[in-house]
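The values are calculated or read from the model by the stated rules, or taken from the named source; none is laboratory data. Owing to the predicted nature of the structure, the values given are computational and were not obtained by experimental measurement. Here the Cβ positions follow ideal geometry from the backbone for every residue, glycine too, while neighbour counts run over all protein chains shown.
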Ligand SMILES: Cc1ncc(COP(=O)(O)O)c(C=O)c1O
């Protein structure tokens, strides 16, 4: 049975002004099911693992063996499964952290931990380009509890941490390994500044895990930084790992605290066990195939550096256009030529950009063709 809600008069168009204003600025968003044949330079599936049949089949077959297919409840009721536990053990071992805990998504992880960690009297310094999932958590804080510091500036972070804080208060810093829109890599000095203040340092590795580092583990690995008890590494499973969900790696002490105070894990059904197992198998695959993966990434980066003049450590290649309507036009032309890219507009970014992802799984010939067409449009 289908039901249709018919709006008979304007009394029910509650948000008409807001929607009209969004449309007028060229910022209206819509969900679309795209043609599967388009060549994907938009998604965060950096390593093309979302289409890896071998990992999928392995996961299905292992899950079938368990006879259980969903987590059923919060991890603190009876939703914590041995699949979660094995995944966490593997992840903490691989990253040299004491403990790990899974989250339903990266959004839930960032929102949840920032809400839990920043208590009365504490002070949070967040990079001005930090992801919306962390920024939204600051809405629940008092103005004297947080500040944004200039993107990637160690000096500004130093000043932020030195600001009006008593010796007793905890200091917390939130940064990303590779920033989701600019594609910038985290400034290494930020690790030192955080250590100087004994600040808790949250590093969101959503776009760096699987992409940078000797073992493709992200920015800690890239800079060869050994995890310390003030470090928290957050990672997502819906990007290079090709699954869904997220995790936090930290000391046993910090994980124990998060287990007891993070509402987004306490009051939420545990991460799907299929997604956890798929992520487990995928991370093992990335680790075992790291040399081949690194070689492919180097080739893609070289092509963008040589042909488009964009040099990046990761696989996000942004091009600032500025005009929100123009980015949509460029995206449309590229789409009619068989390619899909991101057209990112305010408020996600200050000025509109084309967000291009150098994904694996695209042939050199297709990438060259894409770059040729792109150059004619920018
Ligand atoms: C830097 C960053 N952190 C967190 C998230 C949220 O992760 P998830 O998609 O798993 O909710 C994203 C997603 O786009 C992201 O780019």
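Scanning the stretch 196-213 for residues that are within 18 Å of residue 95 (Cβ to Cβ), free of Cβ contacts under 8 Å to residues at least 40 places away in the same chain and out of contact with any strand residue (DSSP E or B) (no Cβ under 6 Å at 6 or more places or on another chain) returns a single hit, 213.
Taking (1) more than 19 Å from residue 312 (Cα to Cα); (2) more than 14 Å from the ligand (Cβ to nearest atom); (3) modelled with pLDDT of 95 or more; (4) not in a strand (DSSP E or B) in turn, residue 147 satisfies each apart from (4).
Mind checking which residues of the stretch 100-125 are in a strand (DSSP E or B) and within 11 Å of the ligand (Cβ to nearest atom)? Talk me through it step by step, then tell me what you get.
So in the stretch 100-125, the residues in a strand (DSSP E or B) come out as 100-103, 123-125.
The one that is in a strand (DSSP E or B) and within 11 Å of the ligand (Cβ to nearest atom): 103.
Within the stretch 126-142, the residues that satisfy the criterion of being surrounded by fewer than 17 Cβ atoms within 10 Å (Cβ to Cβ) and either assigned to a helix (DSSP H, G or I) or within 18 Å of the chain's Cα centre (by Cα) (or both) are 128, 132, 136.
Can you confirm whether residue 34 is at pLDDT below 95 and touching a strand residue (DSSP E or B) at 6+ places or on another chain (Cβ under 7 Å)? Considered against the rule, which asks whether it is at pLDDT below 95 and touching a strand residue (DSSP E or B) at 6+ places or on another chain (Cβ under 7 Å), residue 34 comes out as yes. Remark: residue 128 falls outside the filter, which requires a residue to be more than 15 Å from residue 199 (Cα to Cα), within 11 Å of the ligand (Cβ to nearest atom) and free of Cβ contacts under 8 Å to residues at least 40 places away in the same chain.
Tallying residues that are in a loop (DSSP other than H, G, I, E, B) and more than 12 Å from residue 207 (Cβ to Cβ) within the stretch 305-320 yields 3. Residues that are in the same structural domain as residue 120 (by TED's automatic domain parsing), modelled with pLDDT of 95 or more, outside any helix (DSSP H, G or I) and within 16 Å of the ligand (Cβ to nearest atom) do occur in the stretch 189-201, at least one of them. Scanning the stretch 105-122 for residues that are under 20 Å from the mean Cα position of the chain (by Cα) and either surrounded by fewer than 22 Cβ atoms within 10 Å (Cβ to Cβ) or under 16 Å from residue 173 (Cα atoms) (or both) yields 105, 107, 108, 109, 110, 111, 112, 113, 114, 115, 116, 117. Residues that are in contact with a helix residue (DSSP H, G or I) (Cβ under 7 Å, 6 or more places away or on another chain) and more than 16 Å from the ligand (Cβ to nearest atom) within the stretch 238-262 comprise 258, 261, listed in sequence order.
Of everything in the stretch 15-47 that's surrounded by 10 or more Cβ atoms within 10 Å (Cβ to Cβ) and without any contact (Cβ under 8 Å) to a residue 60 or more places away in the chain, which residue is farthest from residue 349 (Cα to Cα)? Write out each step before concluding.
Step one: list which residues in the stretch 15-47 are surrounded by 10 or more Cβ atoms within 10 Å (Cβ to Cβ), which gives 16, 19-23, 25-28, 34, 38-47.
With the extra rule that they be without any contact (Cβ under 8 Å) to a residue 60 or more places away in the chain, the set shrinks to 16, 19-23, 28.
On the way: 16: 24, 19: 19, 20: 21, 21: 18, 22: 15, 23: 17, 28: 15 Å.
Ranking the qualifying residues of the stretch 15-47, first place goes to 16.
In the condition set (1) in contact with a helix residue (DSSP H, G or I) (Cβ under 9 Å, 6 or more places away or on another chain); (2) assigned to a helix (DSSP H, G or I); (3) surrounded by fewer than 24 Cβ atoms within 10 Å (Cβ to Cβ), residue 220 is compliant with all but (3). Within 16 Å of the ligand (Cβ to nearest atom), at pLDDT 95 or above, in a strand (DSSP E or B) and buried (at least 23 other Cβ atoms within 10 Å of the Cβ): does that describe residue 211? No: the conditions fail for residue 211. Return a yes/no flag: does the stretch 134-143 have any residue that is closer than 20 Å to residue 207 by Cα, touching a strand residue (DSSP E or B) at 6+ places or on another chain (Cβ under 6 Å), assigned by TED's automatic domain parsing to the domain that holds residue 189 and in contact (Cβ under 8 Å) with a residue 24 or more places away in the chain. Yes, there is a match, as at least one residue in the stretch 134-143 is closer than 20 Å to residue 207 by Cα, touching a strand residue (DSSP E or B) at 6+ places or on another chain (Cβ under 6 Å), assigned by TED's automatic domain parsing to the domain that holds residue 189 and in contact (Cβ under 8 Å) with a residue 24 or more places away in the chain. Quick one: how many residues across the stretch 150-174 are within 16 Å of the ligand (Cβ to nearest atom) and in contact with a helix residue (DSSP H, G or I) (Cβ under 6 Å, 6 or more places away or on another chain)? Selection size over the stretch 150-174: 2. For the stretch 45-99, what are the residues that are in contact with a strand residue (DSSP E or B) (Cβ under 7 Å, 6 or more places away or on another chain) and outside any loop (DSSP other than H, G, I, E, B)? Answer for the stretch 45-99, where residues must be in contact with a strand residue (DSSP E or B) (Cβ under 7 Å, 6 or more places away or on another chain) and outside any loop (DSSP other than H, G, I, E, B): 84, 87, 88, 91, 92, 95, 99.
The single condition among (1) touching a strand residue (DSSP E or B) at 6+ places or on another chain (Cβ under 7 Å); (2) more than 13 Å from the ligand (Cβ to nearest atom) that residue 233 does not satisfy is (2).
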